[in-house]
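Read-outs throughout are calculated quantities, based only on the coordinates presented, and are distinct from any laboratory measurement. Just so it is clear, the structure is predicted and the values come from calculations on it, not from any experiment. When we count neighbours, we look across all protein chains shown, and the Cβ atoms used for this are built from the backbone with ideal geometry, even at glycine.
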């Protein structure tokens, strides 16, 4: 068991170490951050959506922004598309594939940013939300995995973790989310 644990930790850290030396990846993280920062500066809302573990990442991002990451500061407008009553209503009455799109249609505006999270880049409901958000003039950041899937060419700012292992992609996604929060609180408009 100890060997397995050590191996998994090593695998996770090697991916992050490789990405830290990849100028294109670092630039993508920074470009996405700048879009989020502009939204926060202008009083817009950071929206987020995803499925499964990516749902948890979307909720985590919003929690860190509304409450706090590490520093006391004003709250940042953020909302995920995971209201249970709305999701089950729309999923039952209409269909799950466009439930996130309904949220984007209802809430998104040109002053906002949507963080669309998909480890495969091919989640139908995240693709539909991306299209609807863009129709509303909302900038879309894609937090993606593998080769970025279909979303890589659909979002405005893709951040692609080039790993086939979903769990490793998710580990980097949460690290990127934490980096964005750190930047907002230390360099950006959310400074205390």
Problem - D_trans [Stokes-Einstein, Kirkwood Rh over alpha-carbon pairs] for the chain, 37 °C, 0.692 mPa s, µm² s⁻¹ - result: 196
Problem - the range 110-192 shape via C-alpha gyration tensor axes, a/c threshold 1.5 - result: oblate
Exercise for the section: Just report the Cα centroid separation between the range 1-65 and the range 72-106, whole Å. Expected result: 21
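According to the square roots a ≥ b ≥ c of the eigenvalues of the Cα gyration tensor, what is the shape class of the range 1-54, taking rounded for a/c under 1.5, prolate for a/b larger than b/c otherwise, and oblate for the remainder? Walk me through the numbers before you get to the answer.
Working: a/c = 4.16, a/b = 1.87, b/c = 2.22.
Oblate.
Kindly put 118, 13 in sequence by how many other C-beta atoms sit within 10 Å of each C-beta, fewest to most. Working shown, then result.
On the way: 118 30, 13 11.
Ascending Cβ contact count within 10 Å gives the list 13, 118.
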Exercise for the section: Return the single residue from 173, 80, 60 with maximal mean-square fluctuation; model: Gaussian network over the chain, springs between Cα atoms under 10 Å. Expected result: 60
Practice task
Once you've got the GNM for the chain with C-alpha springs shorter than 10 Å, pick whichever of 28, 101, 17 has the biggest mean-square fluctuation.
Solution key: 17
Exercise for the section: Could you rank the peptides 138-150, 103-115 by their average count of other C-beta atoms within 10 Å per residue, with the highest value first? Expected result: 138-150, 103-115
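Once every DSSP H run of n ≥ 4 in the chain is given -39500 (n - 2.57) and the sum is divided by its residues, what mean residue ellipticity at 222 nm do you get, rounded to the nearest 500 deg cm²/dmol? Don't skip to the answer; put the middle values down first.
Numbers: 8 runs with 108 residues, N = 192.
Computed ellipticity for the chain at 222 nm equals -18000 deg cm²/dmol.
Place the peptides 127-134, 92-99, 63-70, 30-37 in order of packing, highest mean first, counting for every residue the other Cβ atoms within 10 Å and averaging per peptide. Kindly include the intermediate steps, with their values, before the conclusion.
On the way: 127-134: 22.2, 92-99: 13.6, 63-70: 16.0, 30-37: 18.6.
Per-residue Cβ counts within 10 Å, averaged per peptide and sorted highest first, yield 127-134, 30-37, 63-70, 92-99.
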